[in-house]
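Read through the structure below, which is laid out as structure tokens, and then see the notes.
The values are calculated or read from the model by the stated rules, or taken from the named source; none is laboratory data. Predicted model only: the values in this text are computed from it and were never measured. Glycine gets a Cβ as well: all are built from the backbone with ideal geometry, and neighbour counts include every protein chain shown.
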Amino acid sequence: MTAPLLQIRDVVRRFGVRRGVFAPRRTLTAVAGVSLDLPRGEVLGLVGESGCGKSTLARIVLGLDKPTEGEVLIDGRPVASLHRLERSRLVQPVFQDPYSSLNPRRSVEAIIGQPLLVHGEGTPAERRDRVAEMLGLVGLGPRHAAAYPSQLSGGQRQRVAIARALILRPALVVCDEPTSALDVSVQAQILNLLMELRARLGLSYLFISHNLAVVQLVASRVAVMYLGRVVEEGDPETVLRTPAHPYTRALLASVLQPRPGRGLPDPQLAGSFPNPLEPPSGCAFHPRCPLAVPRCAAERPGLDPATGEHRAACHFAALAET
Amino acid sequence: MRQALLDVRRLSVRIPVEAGTLHAVRDASLAIGRGETLCVVGESGCGKSLTSLAIMGLLPPGAVRSAELLSFDGEDLLRAPRSRMRALRGNRMAMIFQEPMTSLNPAWTIGEQLAEPFLHHGKGDRRQARDRAVELLERVGITAAASRLVQYPHELSGGLRQRVMIAMALMCGPELLLADEPTTALDVTIQAEILRLLARLQREMGLALLLVTHDLGVVAAVATRVAVMYAGEVVEEGPAEAVFGAPRHPYTQGLLRCIPIPGETPRGQPLGTIPGSVPSLVGGFESCAFRDRCPHARAACAEPVAERMDAAGHRWRCILEPSG
């Protein structure tokens, strides 16, 4: 058995925050101990709402931020201690907003070819060929090479961002909400492209999204995060058919489907997202949970296997399974 | 014929640009009755937001509005002077925007902002404004409402801010509420709560609700009627069950195929897509604007497309015979 391509080991990330000049310094725990594996060639979907820590985790995997505790290994190598040139051959990002992630003053060719230039790869002519090849791969044509981002549509810009991420042939691509800023018809095109490229180039994705419908479509494993912790993990079919954590159930109930007559879902969540500076005791979800009992406020449930590969951090996970 | 509170016929919005005239909204016709929810759905640049701004008389400078009819409760808004529009806006017709952080004034307390339209429209004095504000904040599900009045927008979460926006729109007891992407900036669980709130308030107050969104899931959950816009035109409009159950326009059909549904859309297989991209709206069209992307396009699609309507009031702009 080969080691997983990406190993996230007990990662914790704390930030010191200060509200106002004389306010005391306080600690915000954005990621509170996450362990996840991504086998080579697979897609790990990470789902959660704003503030759950999914983007902080993505930045740590990309090496843009360092964990306070724990480590991230890609291909067995610790990301935090790699030189950025080495790191950029292993892992590359595709971000949400193709309007702010591309330099408006550089042509598409220069943007996509930049990583090659930084790594000193090839002659100018070879680099141009590689860029042309990448353009074809992401469904753009040679006529787009000289264009500037402002001349492209949102979907075309996201294709440029994908081409730039793939030109160094990284093993892992971190997609942070790659289609959230796009229209539905364009979202479908970009999702199809990402799936096609994964199969063709043997890529692995850490795929972050708030949209469960999108994640279940592309992911081979899915992890649901709440307030810095993974609360449920498993294969998408199982997690979506028999969600073991009440938060996953609420998220699933909130997905609005394009079918009239179903009315509005009631996710049955009390209150609102807790203040991450003062996380609730015990299970962080207990103040909003329809199943909560006193034990939930006192004792934090571990991420125990419910059935085999399906894990959920809930005292009632086993109950939900049956 | 039902009595429409808002009746819009052949509304157009033209914006002069360097290269000519941008025909942002073309001949859009819509009507909403009291107690109805009309959802205007479409992708970026289809003219859905400009349509709602044109109704409110809030178009950006330079944009030109024209229409055959634009009436609110029988009153002609096309010829209404600015002072009359100001008297109606925020009073009998109110609007909620997408991003509550940019539409709330950061330097004013919640209480001051809630009271402003109430006092402006002469609905009562400060004490009454305060009572009304507390009542509405409670009604939109904000706890400790009285203590919120002295807070500033930055002290509230996104979901709370959107509730404050809704409460503010309701201060003068409007009959028509226009909501432009009211839940797009929110998390999914909060989105469901805000939509439930809007639906409940609408029922209780008999509001006519015009909801602009790009999200067909939102539309399916709340709409009585749906208008699908593409390239500035209403290409299909009708009762929600008809538009979702038997979409007549190939654009609507394509849009519905693009959306993954958990547990139904097969994994590992490509989603349906609409090839190509939206045409430029500079210069306008004679033909069907969708024909370059349409799988059923034929020579006749180059001619102007007349609107068709069936017995159930389902309208669409396409020459294809409905199949089945």
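In the list B:G272, B:G284, which residue meets the criterion of being assigned to a loop (DSSP other than H, G, I, E, B), more than 14 Å from chain A (Cβ to nearest Cβ) and surrounded by 14 or more Cβ atoms within 10 Å (Cβ to Cβ)? Give the derivation first.
Numbers: B:G272 fails: more than 14 Å from chain A (Cβ to nearest Cβ).
Answer to the check: B:G284.
So which of B:F285, B:F290 is out of contact with any Leu (no Cβ under 8 Å at 6 or more places or on another chain) and modelled with pLDDT under 90?
On the way: B:F290 fails: modelled with pLDDT under 90.
Step by step, each of B:F285, B:F290 is checked, and only B:F285 is out of contact with any Leu (no Cβ under 8 Å at 6 or more places or on another chain) and modelled with pLDDT under 90.
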Members of region B:224-247 found to be among the small types (G, A, S) and within 7 Å of another protein chain (Cβ to nearest Cβ), listed by number: B:A240
Does region B:299-319 contain at least one residue that is surrounded by fewer than 18 Cβ atoms within 10 Å (Cβ to Cβ), on the phi > 0 side of the Ramachandran plot and assigned to a loop (DSSP other than H, G, I, E, B)? yes
Which of the residues that make up region B:125-162 are loosely packed, with under 15 Cβ neighbours inside 10 Å and over 20 Å from B:R200 (Cβ atoms)? B:D125, B:R126, B:R127, B:Q128, B:D131, B:A144, B:A146, B:S147, B:V150, B:H154, B:E155
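Applying the selection to region A:248-263, what residues are farther than 22 Å from A:D37 by Cα and touching a strand residue (DSSP E or B) at 6+ places or on another chain (Cβ under 9 Å)? Steps first, please.
Of region A:248-263, the ones farther than 22 Å from A:D37 by Cα are A:249-263.
Result: A:L251, A:P260.
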By residue number, the members of region B:212-249 that are in a strand (DSSP E or B) and either β-branched (V, I, T) or not assigned by TED's automatic domain parsing to the domain that holds B:V278 (or both) are B:V212, B:T213, B:V226, B:V228, B:V234, B:V235
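Within the bounds of region B:255-263, is there any residue that is in a helix (DSSP H, G or I), of a type in the set (D, E, K, R) and within 10 Å of chain A (Cβ to nearest Cβ)?
Within region B:255-263, the subset in a helix (DSSP H, G or I) is B:255-257.
Subset that is of a type in the set (D, E, K, R): B:257.
After this cut, where a residue has to be within 10 Å of chain A (Cβ to nearest Cβ) as well, the list is B:257.
Checked against the condition, which is being in a helix (DSSP H, G or I), of a type in the set (D, E, K, R) and within 10 Å of chain A (Cβ to nearest Cβ), region B:255-263 yields at least one hit.
Considering every residue within region A:58-73, establish whether at least one is among the hydrophobic types (A, V, I, L, M, F, W, C), assigned to a loop (DSSP other than H, G, I, E, B) and within 30 Å of A:P124 (Cα to Cα).
Of all residues in region A:58-73, those among the hydrophobic types (A, V, I, L, M, F, W, C) come to A:58, A:60-62, A:64, A:72-73.
Next cut, assigned to a loop (DSSP other than H, G, I, E, B) only: A:62, A:64.
With the extra rule that they be within 30 Å of A:P124 (Cα to Cα), the set shrinks to A:62, A:64.
Within region A:58-73 (the criterion being among the hydrophobic types (A, V, I, L, M, F, W, C), assigned to a loop (DSSP other than H, G, I, E, B) and within 30 Å of A:P124 (Cα to Cα)), the answer is yes, since at least one residue qualifies.
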Among A:A298, A:A284, which is over 30 Å from B:R161 (Cβ atoms) and either buried (at least 17 other Cβ atoms within 10 Å of the Cβ) or away from chain B (no Cβ under 13 Å) (or both)? A:A298
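Give me the helices (runs of 4 or more DSSP H) completely within region A:168-269, filtered to those with at least 2 residues that are within 10 Å of chain B (Cβ to nearest Cβ) and touching a Leu at 6+ places or on another chain (Cβ under 7 Å), ordered by residue number. Show your work before the answer.
Details: elements: A:184-201, A:212-218, A:236-241, A:246-254.
Where helices (runs of 4 or more DSSP H) fall fully within region A:168-269 and carry at least 2 residues being within 10 Å of chain B (Cβ to nearest Cβ) and touching a Leu at 6+ places or on another chain (Cβ under 7 Å), they are A:184-201, A:212-218, A:246-254.
Run down A:G122, A:G155 and say which single residue is part of a loop (DSSP other than H, G, I, E, B) and either of a type in the set (K, R) or in the same structural domain as A:L85 (by TED's automatic domain parsing) (or both).
On the way: A:G155 fails: part of a loop (DSSP other than H, G, I, E, B).
So the residue among A:G122, A:G155 that is part of a loop (DSSP other than H, G, I, E, B) and either of a type in the set (K, R) or in the same structural domain as A:L85 (by TED's automatic domain parsing) (or both) is A:G122.
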Taking into account only those residues within region A:10-32 that are buried (at least 16 other Cβ atoms within 10 Å of the Cβ) and not hydrophobic (A, V, I, L, M, F, W, C), which is modelled with the highest pLDDT? A:R13
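Condition first: aliphatic (A, V, I, L, M) and touching a His at 6+ places or on another chain (Cβ under 8 Å). Now tell me which residues in region A:205-253 satisfy that.
To start, the set of residues in region A:205-253 that are aliphatic (A, V, I, L, M) comprises A:206, A:208, A:212-215, A:217-219, A:222-225, A:227, A:230-231, A:239-240, A:244, A:250-253.
The answer is A:V224, A:V231, A:V239, A:A244.
To keep it simple, each residue is scored yes or no on (1) buried (at least 20 other Cβ atoms within 10 Å of the Cβ); (2) out of contact with any strand residue (DSSP E or B) (no Cβ under 8 Å at 6 or more places or on another chain).
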position: A:E133; (1), (2): no, yes
position: A:Q151; (1), (2): no, yes
position: A:Q158; (1), (2): yes, no
position: A:A163; (1), (2): yes, yes
position: A:A171; (1), (2): no, no
position: A:D176; (1), (2): yes, no
For a quick check of your reading of the model, give me the residue pairs whose first member lies in region A:55-72 and is on the phi > 0 side of the Ramachandran plot, whose second is in a loop (DSSP other than H, G, I, E, B), with beta-carbon atoms closer than 9 Å and at least 6 apart or on different chains. A:G63/A:L82
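Quick check on region B:67-97: of everything there that is among the small types (G, A, S) and part of a loop (DSSP other than H, G, I, E, B), which residue is nearest to B:M171 (Cα to Cα)?
B:G90
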Scan region B:134-182 residue by residue and report those that are out of contact with any strand residue (DSSP E or B) (no Cβ under 8 Å at 6 or more places or on another chain), within 14 Å of chain A (Cβ to nearest Cβ) and assigned to a loop (DSSP other than H, G, I, E, B). B:V140, B:G141, B:I142, B:T143, B:A144, B:Y152, B:L156, B:S157
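From the list A:S101, A:S88, which one is surrounded by 12 or more Cβ atoms within 10 Å (Cβ to Cβ), assigned to a helix (DSSP H, G or I) and in the same structural domain as A:C175 (by TED's automatic domain parsing)?
Values: A:S101 fails: assigned to a helix (DSSP H, G or I).
Of the residues listed, the single one that is surrounded by 12 or more Cβ atoms within 10 Å (Cβ to Cβ), assigned to a helix (DSSP H, G or I) and in the same structural domain as A:C175 (by TED's automatic domain parsing) is A:S88.
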Sole exception among (1) in a helix (DSSP H, G or I); (2) within 24 Å of B:R84 (Cα to Cα) for B:R130, by number: (2)
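Kindly establish whether B:R298 is over 24 Å from B:T184 (Cα atoms) and within 7 Å of chain A (Cβ to nearest Cβ). Lay out the reasoning, then the answer.
Values: over 24 Å from B:T184 (Cα atoms): yes; within 7 Å of chain A (Cβ to nearest Cβ): no.
So B:R298 fails the test.
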